[in-house]
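Structure first, then comments.
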Amino acid sequence: MRIDEFPLQDKNQIAASYSAADPSVENLYDYNGFTAEMMEQRISDIGSREYEREKLANYLSDYNFQFSCSKQTLTNIEKLRNPKSAAVIGGQQAGLLTGPLLTIHKCISIIQFACIQERQLGVPVVPVFWIAGEDHDYDEINHVNVERNGGPKKRSLPPVSPLKTSATLMEWDSVKAAEWAESVFREFGETEFTKEVLSKVKEIFKSSKTAVHSFAQFITDLFGEYGLVLVDSGEPHFKRLQTETLEKMILRNIEVDEAFAAGIEQLTGRGFSAPVELQENNAHLFIYHNEERLLLFRDDSGNFLTKNKEVTITSEQLMANAKEKPELFSNNVVTRPVMQESLFPVLAFIAGSGEIAYWSALKEVFHLFGFKMPPLVPRLSMTIVTGKNEKQLKETGLKVEDVLREGTEVHKQSWYENHKPIDTKGVYTETLTKIEAAHTELKMLALTIDPSLKRLTDINLNRIKNEVDYLHTKMERSMKKELMEPLALFDHLQCDLAPDGVLQERVWNAFSYINRYGTDWIKQLTEQPLEFNGKHKLVYVR
């Protein structure tokens, strides 16, 4: 495995400004960057706070044990009992077959940054992956992309129930899930690894009650030896650790909303687009009702209600439920980071571009609860380059950087113009010029006969030119057929490295590569020292 890197501009304006240490975003976060000095300050800040470490460690042991976690994971959980220990946390939704590649990259980022900080700070630092199981948007996790007709095509697993409940609680048909996996692997194609990998995938799907359970098992299998600790935000028993902070969120609900609105206003006042939509009287908490996860709002009388007013509840009743039935609640994008901060001694949060953007509006929300926002560390961003891709790059004369920054279409057209057997453009242009000149005489004659024919003469000329265009297009198409194979190389590169103009890591699934190369490449990548320097990594695998 070879790894190169190069600077690639983040398309998210706020995230790009944060990574570049732009003064325009400097005071939106409590820690500006993640330098050694900042990490020293953060570990000191963590040391001044109290955490329910014993309860947290007991819960994490029980949760991770059900996935036959490694001894290293259990050892890491035990580290959290140490009052000097800290955690590096990152998270993602529980996508099928681990979801897009960026989930794998985030796991590697968490593990590596935790190791770096433990070595540099001289204190126990635990890697924790926060599974966003309380999210209810099943459409975001119910599919993987496969390659079809030169581009990504979604292969979705339909839900068993139409109810909008959390992914953690959304039970699936495990047999149909296994059948779905088999159909996906048929699209991946048969390799020397397919039989063994698919057998394991089907085994996990059949033994899992939910997509979240299967996700946790896959991540455990891939990263357990590195001690990665999993937590599912939607798991009912985990909610019982959240009661105290949940009560504060209800009690100070108006202040939370005002602090968030102020954060958004500060952002837009600096010329940035709002990363999260503002909704009037948003309580920033969901409640489960008839098995559905519904967002709560406040009314003018201080009561809480759902959007369709199906549920109306007083603040006193809500507080009572928070104490007695915390599993009825879940957080939204505003309150989830605060809940995470209240439970874990977070040394740093491994964040994607979107998270860096919306956390920029949360500083005052953190402060409302007496917390500082943890340092945000941009996750490692990578593109896998296969041996086949390397050959295609050599034959087209392109670099990976060209494909990721510009795409291949312009280069493809340029190559075609330089290699087509006959240059038709000159004759085509000359023909149009002659036709226009000849038609001018005809037009003048028509206008002499009847001035009202002007519009018709224009239409007539355009029809003739369109016919010439049509013939020219057909000629070009015929020549392109002769050069189909070399021209297709440009399309293959675009599809593999930047499908639909988007980074590969956001589209393709890890198991399409596991099916081709087994899991050794993930092990090698996890163990390869990678710098958190903001540069995009190019991972060459064979």
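Heavy-atom accessible area, probed at 1.4 angstrom with all protein chains present, ranks His136, His439 as His136, His439, highest first. For Thr519, the accessible surface of its heavy atoms amounts to roughly 70 Å² (probe 1.4 Å, protein chains only, rounded to the nearest 10).
Each of Asn58 and Leu471 was given a label point 7 Å from its Cα along the Cα-to-Cβ line. The distance between the two points is 8.7 nm.
I need the calculated FRET efficiency for the pair Asn418 and Asn462, taking r as the beta carbon distance and R₀ as 30 Å, to the nearest 0.05.
0.40
Of all lysines in the structure, the ones whose alpha carbon falls short of 30 Å from that of Lys309, not counting any fewer than 8 places away in one chain, are Lys164, Lys239, Lys248, Lys323, Lys325. Placing pseudo-labels 7 Å out from each Cα toward the beta carbon at Ala488 and Glu255 gives an inter-label distance of 6.5 nm. Modelled label positions at Arg240 and Val123, each set 7 Å beyond Cα in the direction of Cβ, lie 2.9 nm from each other.
To the nearest 20 debye, what is the magnitude of the charge dipole of segment 22-132 about its Cα centre, counting +1 on the Cβ of each Lys and Arg and -1 on the Cβ of each Asp and Glu?
Values: 10 positive and 12 negative charges, 95 e Å.
That gives a dipole near 460 debye.
Among Ala94, Val377, Gln217, flag the residue with its Cα farthest along the positive direction of the charge dipole of the chain, charges on Cβ as +1 for Lys/Arg and -1 for Asp/Glu. So the residue furthest toward the plus end is Gln217. What does the charge count around Tyr416 come to, taking other residues whose C-beta lies under 9 Å from its C-beta (Lys +1, Arg +1, Asp -1, Glu -1)? Combined, the nearby Lys, Arg, Asp and Glu give +1. Taking all protein chains as shown and a probe of 1.4 angstrom, Val502 keeps an accessible surface of around 60 Å². Only lysines eight or more places from Lys202 in sequence, or on another chain, were considered; those with a Cα closer than 23 Å are Lys153, Lys154, Lys176, Lys523.
Measuring r between the beta carbons of Lys399 and Lys454 and using R0 = 51 Å, the FRET efficiency lands at 0.40. Between the Cα long axis of helix 101-121 and the first principal axis of the chain there is an angle of about 50°, rounded to the nearest 10. Rolling a 1.4 angstrom probe over the protein heavy atoms with all chains in place gives the chain an accessible area of 48 Å² per residue. Counting only residues at least eight positions apart within a chain, or on another chain, the aspartates and glutamates with an alpha carbon under 18 Å from that of Lys79 are Glu50, Glu52, Glu54, Asp62, Glu118, Glu225, Glu341.
The values are calculated or read from the model by the stated rules, or taken from the named source; none is laboratory data. Keep in mind the model is a prediction, meaning the values are calculated, not measured. As a convention, Cβ positions derive from the backbone with ideal geometry for all residues, glycine included, and neighbour counts pool all protein chains shown. Calculation scope for accessible area: heavy atoms of the full protein, side chains included, ligands and nucleic acids excluded. Shrake-Rupley method; radii C 1.70, N 1.55, O 1.52, S 1.80 Å.
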